[in-house]
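The values are calculated or read from the model by the stated rules, or taken from the named source; none is laboratory data. If you're wondering where the values come from, they're calculated on a predicted model, not measured in any experiment. For neighbour counting, all protein chains shown are included, and Cβ atoms are generated from backbone atoms with ideal geometry for every residue, glycine included.
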């Protein structure tokens, strides 16, 4: 009888553990894997795993720049099958980005076919496109076969992949990187290779170099799409010193390049007859050109850019976006500033130098520390390459020594081979050969037994011994290591020098000129308008100045409430009886062709509140505000403007108290007349009224019963005027108001004969 014994599976074991600790432990593992194996680039080669695996797979497929293109589908298949078990779409998207010259400053993949465009269009499917490596990618991977880096097993253990790429190309800063991990992110712009190398050489020569000295040769971002970084050198330097900061990037207004290769700086293209147009030749990094055109077109449609007539995209291989002004009298600088303000033509790039260092530890590093770490990594690669080469030389020298012994004793060697059944041990014993030497002699071809071959072997041996000596000196001398690295960097710099098409700086770094101060109100086309507000709160704006006594049409059951003349550039102050003021632009009013729109859809007026006044805002103007309780104050119009839909609380009210009077105060007026429900009138000096921004105010008139009915300002010399009843339209003026002139807060006396029975001025 056979009994089966099975070992317990440790993965089937149930372990009692607190839920929160088990969850936090597993979340931490997930977070670390996201940080180190997906989202953050390695400082040494500037690549994330997916990009490294893509380039490695293309190298294995021998997609060198000198070789023919291969289908992208084949590359993606190899990557997800052998190295990166994730979705094909994400891998292909990563590959596409490596091939886009508007995404990468120095593309690592050369694409053939539709790989997307700067308009924001997507690439064609991977079955339609082809790809191969660029020279830059080859430089980044140089030395992979020379023992420079460790190889690790792939996810299934069937293949091997390099831990990093050993090439001297400074990819981290050259091409930048972006990514979001768990709890952290990275956002590194691209930079000019020549400037990176210059800063590195400066650091190698003087490890204690100051950050300010590095920034003299390292000028900041160099985006693939060019543009202009408009920040002061101090702001840029501070960002790179800490590894965190933000920089404003603008599109370039220019009509093209001058004969000497520099950009024309104004962007103004003369058309004759005084007409002109603005031209943009470069746009900010990561801004889709199609999105920018849509933004500008929408701003024109929404009348946010009334000084702009049209926008045209005349781009071919070079970007050319044309802005046509409304008239030739438009200020070009005003148009530029308005475009910067209203569109993404000016954007902010947030620098976050968060990378994995040589120990795969994430951290935000400053420029100097990044360069130091990279130099240390490159010297380590240099030493590993030297040790690997020394090992190869030692192996070859061993064989060469054996060959030379064989040539010196050729006849005896031949005799042993012909006569002995096992010649190998005999040769080893007689001539002191190693096993490898004896084996190599036995495998030697007969044609190699020439005298000339012996001379070549001796010459090769001498060369290898000399090389061995140099490599050993390199290993023993840190100074030689630095010199060798400097020499290699100088050689690399020639491929990316300022005079080459690839190395020429694209982004201009220049502090912006002082901003042209302008209000968005200046963008509104000035035109007369008649504001009409109905009793039920429907508002509209009629073009031109219509007679205010005209019979306007209203919805059934509705009627007139307020009507006033203004301009489309005016701001309307809407006062409600709860003491809140709201602001509405006259240009935002709906057309008077219909009945308008409810004003409550434009501003958030309380349901119980009633509108008591509509006044056109005037800079430095004043309003008389009074409640039905007989208290009030003078308010500056500048203090009444509300920036949000919710308005601004100005007059403090209590239950039963409401804002009743809102009157504009002409500059020449010096007195106030107040009449109560009790038909008592007082006149007092305007100087007795306080100017407040908020509150209940002071007592205007004292009442035994009732409250305030109306109030108005006047010039004492002109007297008090009021409209007479009926349809005559006549007014009556009481010149002598001395008998009613008292101190503020008095009870007053009966008004002049003929004063309106409704107690309203």
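For (1) in contact with a strand residue (DSSP E or B) (Cβ under 6 Å, 6 or more places away or on another chain); (2) closer than 26 Å to residue 284 by Cα; (3) in contact (Cβ under 8 Å) with a residue 40 or more places away in the chain, each residue gets a yes or a no:
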site	(1), (2), (3)
352	yes, yes, yes
359	no, no, no
368	no, no, yes
387	no, no, yes
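Among the residues of region 232-247, is any part of a loop (DSSP other than H, G, I, E, B), under 19 Å from residue 499 (Cα atoms) and modelled with pLDDT under 95? No; the residues of region 232-247 include none that is part of a loop (DSSP other than H, G, I, E, B), under 19 Å from residue 499 (Cα atoms) and modelled with pLDDT under 95.
Candidates in region 83-93 are the residues that are surrounded by 21 or more Cβ atoms within 10 Å (Cβ to Cβ) and in a helix (DSSP H, G or I); of these, the one that is farthest from the chain's Cα centre (by Cα) is 83.
Note on region 552-564: residues that are touching a strand residue (DSSP E or B) at 6+ places or on another chain (Cβ under 6 Å) and not in a loop (DSSP other than H, G, I, E, B) total 4.
Please go through region 119-133 and pick out each residue that is surrounded by fewer than 21 Cβ atoms within 10 Å (Cβ to Cβ) and under 29 Å from the mean Cα position of the chain (by Cα). Across region 119-133, the qualifying residues are 119, 120, 121, 122, 124, 125. Looking at this structure, is residue 222 part of a loop (DSSP other than H, G, I, E, B) and more than 22 Å from residue 97 (Cα to Cα)? Judged against the criteria, residue 222 is not a match. Contact map, region 714-738: first residue closer than 18 Å to residue 664 by Cβ, second residue exposed (fewer than 10 other Cβ atoms within 10 Å of the Cβ) and modelled with pLDDT under 85, Cβ cut-off under 6 Å, separation 6 or more or different chains; pairs are 721/731; 723/731. List pairs: first residue in region 119-132 and on the phi > 0 side of the Ramachandran plot and in contact (Cβ under 8 Å) with a residue 12 or more places away in the chain, second residue assigned to a loop (DSSP other than H, G, I, E, B) and surrounded by 13 or more Cβ atoms within 10 Å (Cβ to Cβ) anywhere in the structure, Cβ distance under 8 angstrom, at least six positions apart or on different chains. Listed by first residue and then by second, the contacts come to 120/288. Of the strands (runs of 3 or more DSSP E) contained entirely in region 292-357, those carrying at least 3 residues that are farther than 30 Å from residue 34 by Cβ fall at 308-313, 321-325. Of the residues making up region 205-219, not one is touching a strand residue (DSSP E or B) at 6+ places or on another chain (Cβ under 7 Å) and not in a loop (DSSP other than H, G, I, E, B). Here residue 278 fits the description: in contact (Cβ under 8 Å) with a residue 40 or more places away in the chain, assigned to a strand (DSSP E or B), surrounded by 14 or more Cβ atoms within 10 Å (Cβ to Cβ) and touching a helix residue (DSSP H, G or I) at 6+ places or on another chain (Cβ under 9 Å).
The residues listed here are 613, 626; of these, the one that is in a strand (DSSP E or B) and closer than 20 Å to residue 686 by Cα is 626.
Residue 120 satisfies every condition listed in (1) farther than 30 Å from residue 293 by Cβ; (2) modelled with pLDDT under 95 except (1). Please work out if residue 110 is surrounded by fewer than 21 Cβ atoms within 10 Å (Cβ to Cβ), touching a residue at least 12 places away in the same chain (Cβ under 8 Å), touching a strand residue (DSSP E or B) at 6+ places or on another chain (Cβ under 6 Å) and outside any helix (DSSP H, G or I). Here the answer is yes, as residue 110 does meet what is asked. Take residue 92 and decide whether it is under 23 Å from residue 155 (Cβ atoms) and in contact with a strand residue (DSSP E or B) (Cβ under 9 Å, 6 or more places away or on another chain). The answer is no for residue 92. The strands (runs of 3 or more DSSP E) falling completely within region 660-761 that include 3 or more residues that are surrounded by 13 or more Cβ atoms within 10 Å (Cβ to Cβ) map to 671-676, 681-685, 708-714, 720-723. Would you call residue 503 loosely packed, with under 14 Cβ neighbours inside 10 Å and either under 30 Å from residue 262 (Cβ atoms) or touching a residue at least 40 places away in the same chain (Cβ under 8 Å) (or both)? When the stated conditions are applied, residue 503 does not pass them.
The condition of being surrounded by fewer than 22 Cβ atoms within 10 Å (Cβ to Cβ) and either within 18 Å of the chain's Cα centre (by Cα) or farther than 27 Å from residue 50 by Cβ (or both) holds for only one of 173, 202, 168, that being 202. Which members of region 151-165 meet the condition of being assigned to a loop (DSSP other than H, G, I, E, B) and closer than 17 Å to residue 55 by Cβ? 154, 159, 163, 164, 165 - these are the residues of region 151-165 that are assigned to a loop (DSSP other than H, G, I, E, B) and closer than 17 Å to residue 55 by Cβ. Anything in region 630-659 that is closer than 18 Å to residue 698 by Cβ and outside any loop (DSSP other than H, G, I, E, B)? List them, or say none. Scanning region 630-659 gives 631, 632, 633, 634, 635, 636, 639, 651, 659.
Of all the numbered requirements in (1) in contact with a strand residue (DSSP E or B) (Cβ under 6 Å, 6 or more places away or on another chain); (2) outside any strand (DSSP E or B); (3) at pLDDT 95 or above, residue 202 misses one, and that requirement is (1).
Going by what's in this entry, would residue 549 be described as in contact with a strand residue (DSSP E or B) (Cβ under 8 Å, 6 or more places away or on another chain) and at pLDDT below 90? Considered against the rule, which asks whether it is in contact with a strand residue (DSSP E or B) (Cβ under 8 Å, 6 or more places away or on another chain) and at pLDDT below 90, residue 549 comes out as no.
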